[in-house]
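Colleague: Take this structure first; my questions come after.
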Amino acid sequence: MDNPGDLKYTSSHEWLRDNGDGTATVGITFHAQDALGELVYTELPEPGRTVAAGEACVVVESTKAASDVYAPVSGEVVEVNAALADAPQTVNEAPYGDGWLFRIRMKDPAEAAALLSAADYTAGPGA
């Protein structure tokens, strides 16, 4: 699967979509969900939680392993994808769509500019 060109990526396989209003949507890449296998549980952060870039803030559990998901930028969690409580496999089915994990109000949108482009991610950690 191609990595959408409108997203930014981390070397630890998270993606970030700038929503254009100071918030961003965060999820894990196709590569990450594929490596994890079928997700059976997600532990999402509480809205209102402040996170630092690189901080573990989500746990995704699959039939293979549990894995941390890291905040790609610093800010405040403003929304989580509550639908994942009943359907964690949505992350596998649509990692760049309905399988998003949380939305964050970015403390410094310039942090997003420092993340990897789709081409850089695909050529590097997402290869």
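The values are calculated or read from the model by the stated rules, or taken from the named source; none is laboratory data. Just so it is clear, the structure is predicted and the values come from calculations on it, not from any experiment. Every residue, glycine as well, gets a Cβ built from its backbone with ideal geometry; the counts of neighbours run over all protein chains shown.
Colleague: List the pairs whose first member sits in region 73-101 and is more than 13 Å from V58 (Cβ to Cβ) and of a type in the set (A, V, I, L, M), whose second member is in a loop (DSSP other than H, G, I, E, B) and modelled with pLDDT under 95, and whose Cβ atoms are under 6 Å apart, counting only residues at least 6 apart or on separate chains?
Modeller: none
Colleague: Is it the case that some residue within region 69-79 is among the acidic types (D, E) and either closer than 18 Å to G22 by Cβ or part of a loop (DSSP other than H, G, I, E, B) (or both)?
Modeller: Yes, region 69-79 contains at least one residue that is among the acidic types (D, E) and either closer than 18 Å to G22 by Cβ or part of a loop (DSSP other than H, G, I, E, B) (or both).
Colleague: Same structure again: With (1) surrounded by 13 or more Cβ atoms within 10 Å (Cβ to Cβ); (2) at negative phi; (3) of a type in the set (G, A, S) as the list, and G75 as the residue in question, which single condition is left unmet?
Modeller: Condition not satisfied by G75: (2).
Colleague: Condition first: surrounded by fewer than 17 Cβ atoms within 10 Å (Cβ to Cβ), under 15 Å from V69 (Cβ atoms) and touching a strand residue (DSSP E or B) at 6+ places or on another chain (Cβ under 8 Å). Now tell me which residues in region 1-36 satisfy that.
Modeller: S11, S12
Colleague: Given (1) at pLDDT 95 or above; (2) within 20 Å of Y9 (Cβ to Cβ), where does P109 come up short, assuming only one miss?
Modeller: With (1) at pLDDT 95 or above; (2) within 20 Å of Y9 (Cβ to Cβ) applied to P109, the lone miss is (1).
Colleague: Still on this model: Take A56 and tell me if it is surrounded by 20 or more Cβ atoms within 10 Å (Cβ to Cβ) and touching a residue at least 12 places away in the same chain (Cβ under 8 Å).
Modeller: Here the answer is no, as A56 does not meet what is asked.
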